[in-house]
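Reviewing the structure listed below.
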Amino acid sequence: MAAYGISARAQRQIVLASVPVAALAIAILASSSAMAGEAELQGSYPSFLSRVTIEVPLFTLHTPHDEWFNDNNRGALAEIALGRHMAISAGSFMNSYKRNTTFAGFSWLPINFEFSHVTIDMGGMIAADLNGGYKGFNGMDPFLGAVLIKFGSHFDDPRFETLNRMGVGITVIPANPNGGSTAINLSLRYRLGG
């Protein structure tokens, strides 16, 4: 029986769509004191804006079968660092199936390297597809997963502040196990605060 004119199937979809959002909120709240302590110890975030990064996709390559997919994934996302290794993010983009996708997610980047003035952070992201942009193409619907690699720079000289805020991101979205292609996206990143 449908409640409030909503079919049982639609009710199940609403419940399933709310699970990742609730899980994300619980994860953030459960570990907020640890993250606050980590950020306090690091002292690397002098302001809220220094925690916010905007990321814009530049190009996507699909392997195999690049010709079957959209390589121009226009959109943007905003990321808020919760600490050195964790962040939440949300954004919207035109996906590889030429459908708009709005998502919210949590990333963890536990692998970190620094060579001279280059920083490399690697890890993963789990997100919720909030508007069904991958519906019918994603066996884990409404969840999305990706491997993240982020390149940045670190110069102590204040003349390089703008360069310190810029970076490049590589996002790898694995292929559906039932067929499909792995998407490798290149993006430009810019941190709003110094």
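The values are calculated or read from the model by the stated rules, or taken from the named source; none is laboratory data. A quick note: this is a predicted structure, and the numbers were derived from the prediction, not measured. Virtual Cβ from ideal backbone geometry, glycine too; neighbours counted across all protein chains shown.
Of everything in the range 52-77 that is surrounded by 15 or more Cβ atoms within 10 Å (Cβ to Cβ) and among the polar types (S, T, N, Q), the residue that is modelled with the lowest pLDDT is Asn70. Of the numbered criteria (1) at pLDDT 95 or above; (2) in contact with a Gly (Cβ under 6 Å, 6 or more places away or on another chain), the one Met122 fails is (2).
The set of residues in the range 89-129 being surrounded by fewer than 18 Cβ atoms within 10 Å (Cβ to Cβ), of a type in the set (D, E, K, R) and within 18 Å of Ser153 (Cα to Cα) consists of Glu114 alone. Given the condition part of a strand (DSSP E or B) and among the hydrophobic types (A, V, I, L, M, F, W, C), answer yes or no: does some residue in the range 129-142 qualify? Scanning the range 129-142 turns up no residue that is part of a strand (DSSP E or B) and among the hydrophobic types (A, V, I, L, M, F, W, C).
Within the range 75-100, how many residues turn out to be more than 27 Å from Ser47 (Cβ to Cβ) and either outside any strand (DSSP E or B) or in contact (Cβ under 8 Å) with a residue 40 or more places away in the chain (or both)? Total satisfying the criteria: 5. The set of residues from the range 66-121 being among the charged types (D, E, K, R), within 16 Å of Val147 (Cβ to Cβ) and out of contact with any Ser or Thr (no Cβ under 8 Å at 6 or more places or on another chain) comprises just one member, Asp121.
Figure legend. Inter-residue proximity from the range 155-169: first residues free of Cβ contacts under 8 Å to residues at least 60 places away in the same chain and over 10 Å from His117 (Cβ atoms), second residues in a loop (DSSP other than H, G, I, E, B) and not aliphatic (A, V, I, L, M), beta-carbon distance below 6 Å, spacing 6+ or different chains. Indicated pairs: Glu161/Gly194.
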